[in-house]
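Encoded as structure tokens, the structure appears first; notes follow it.
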Ligand code: RNT
Ligand code: ZN
């Protein structure tokens, strides 16, 4: 009993789930097939690799990265090495979500190669690396940290020239997304998020929204095969510096996505603090074939804390499984914490999302739904609550073992070791 505690605990645990009609081996196959798109920007505090002078922590667009833990990635090579370390500690095969500001411009300053001039060639090293690693890429135009976004307005800007510039950026980014899709043989999800909004009460809420819809139509004018690129648009309710009005609100983008058949991106931190996206998924998927999730964790005014195994995370995973939506939902992460080891932040957040999916898949969904149809709400509640203390941890540990990644907190030793090996990095 002593020498193989993980296997032994799993044997017993799987019997408990089997009694509920759940085959844990089938669950593992299902879980393994779900990729999560890791966000490159956790690795360097949303800095990117454009050749411009930046003030520390100066991201713009209402995005705040706080903390000065040492060791952030300073070059694409360091970021890739950090990602490789993170992937090696997470069960399954996942994706990478890149921002346009992470292109490789080889010393060319941004004033001679601006965001409206970038192309797939600036992402070739990423594409090659991804193919070597056997992972696929997703993409995002970068509508912040730029002089032309300093007043917090981009695609909805009243100045036509500035709008044009950002439209060109969006067009360039869709082409990059399509090139990634072509290279990897599956679509790249290219997600548009813009910061546009006002700190104080606007005198006109209407015009910026009309301009935004027009600008987006111009960005999406060219047809691109959905086998190469899928467009997503991300809504937000308020942010730092746009407390009173955000042009791209939930209602704005829901209507836009439905009428233009785009993916809607729901970020878990983009709503009122008591409002949850777990309740929005089934409504939105009534009218849209597919959505993107930015799995994040809001804390007060920040929408981007490292994802923990919270009630809301579990509620999101339950929705995806209970509603049979996994084939229609792309999963991405979105948080940035500079106060802890950045590789650890990826590992913690991603492992938690996978854990929440495993928990949801271990639930006897058919039985619960039958009880609900029969009106037996007592049994529905009782079984949901009993489910919480079943030996889920033993199944998770075994899944990690089987996937050849560290079991339990053993991954942390590897991160600490890696941190020591890269001790010469200064921020
Ligand atoms: C900002 C959005 C957006 C960004 C990234 C960096 O509120 O959530 O998704 O976090 O694009
Ligand atoms: Zn987001």
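Structure notes:
- Test: residue in region 370-383 that is touching a helix residue (DSSP H, G or I) at 6+ places or on another chain (Cβ under 8 Å) and either closer than 24 Å to residue 234 by Cα or in contact (Cβ under 8 Å) with a residue 60 or more places away in the chain (or both): no
- Near pairs, Cβ below 6 angstrom, 6+ apart or cross-chain, from region 120-149 (without any contact (Cβ under 8 Å) to a residue 40 or more places away in the chain and at negative phi) to any residue that is surrounded by fewer than 19 Cβ atoms within 10 Å (Cβ to Cβ) and part of a helix (DSSP H, G or I): 148/162
Yes or no, residue by residue, for (1) out of contact with any helix residue (DSSP H, G or I) (no Cβ under 6 Å at 6 or more places or on another chain); (2) in a helix (DSSP H, G or I); (3) at positive phi:
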{"residue": "107", "(1), (2), (3)": "yes, no, yes"}
{"residue": "112", "(1), (2), (3)": "yes, no, no"}
{"residue": "156", "(1), (2), (3)": "no, no, no"}
{"residue": "162", "(1), (2), (3)": "no, yes, no"}
{"residue": "169", "(1), (2), (3)": "no, yes, no"}
{"residue": "182", "(1), (2), (3)": "yes, yes, no"}
{"residue": "200", "(1), (2), (3)": "yes, no, no"}
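- Residue in region 363-380 that is modelled with pLDDT of 95 or more, part of a helix (DSSP H, G or I) and within 19 Å of residue 306 (Cβ to Cβ) present: no
Residue-by-condition table, conditions (1) under 28 Å from residue 63 (Cα atoms); (2) in a loop (DSSP other than H, G, I, E, B); (3) within 16 Å of ligand 1 (Cβ to nearest atom); (4) out of contact with any helix residue (DSSP H, G or I) (no Cβ under 9 Å at 6 or more places or on another chain):
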site: 327; (1), (2), (3), (4): no, no, no, yes
site: 336; (1), (2), (3), (4): yes, yes, yes, no
site: 344; (1), (2), (3), (4): yes, no, no, no
site: 423; (1), (2), (3), (4): yes, yes, no, yes
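- Test: residue 96 is within 16 Å of ligand 2 (Cβ to nearest atom), buried (at least 21 other Cβ atoms within 10 Å of the Cβ), more than 25 Å from residue 362 (Cα to Cα) and without any contact (Cβ under 8 Å) to a residue 60 or more places away in the chain: yes
- Of note, residue 226 satisfies the criterion of being without any contact (Cβ under 8 Å) to a residue 40 or more places away in the chain, farther than 30 Å from residue 363 by Cα and away from ligand 2 (no atom under 14 Å from the Cβ).
- Flag for residue 266 being part of a strand (DSSP E or B) and surrounded by 14 or more Cβ atoms within 10 Å (Cβ to Cβ): yes
- Extreme residue, surrounded by the fewest Cβ atoms within 10 Å (Cβ to Cβ), among residues of region 184-198 that are in a strand (DSSP E or B) and within 14 Å of ligand 1 (Cβ to nearest atom): 192
- Out of 19, 73, 81, one residue alone is in contact with a helix residue (DSSP H, G or I) (Cβ under 8 Å, 6 or more places away or on another chain), more than 21 Å from residue 296 (Cα to Cα) and at pLDDT 95 or above. It is 73.
- Residues considered: 260, 297. Of these, the only one that is surrounded by 20 or more Cβ atoms within 10 Å (Cβ to Cβ), more than 10 Å from ligand 1 (Cβ to nearest atom), at pLDDT 95 or above and over 19 Å from residue 325 (Cβ atoms) is 297.
- In region 321-331, the count of residues that are over 16 Å from residue 284 (Cβ atoms) and more than 15 Å from the chain's Cα centre (by Cα) is one or more.
The values are calculated or read from the model by the stated rules, or taken from the named source; none is laboratory data. Quantities reported herein were computed from a predicted structural model and do not represent experimental measurements. Every residue, glycine among them, receives a Cβ derived from its backbone with ideal geometry; neighbour counts consider all protein chains shown.
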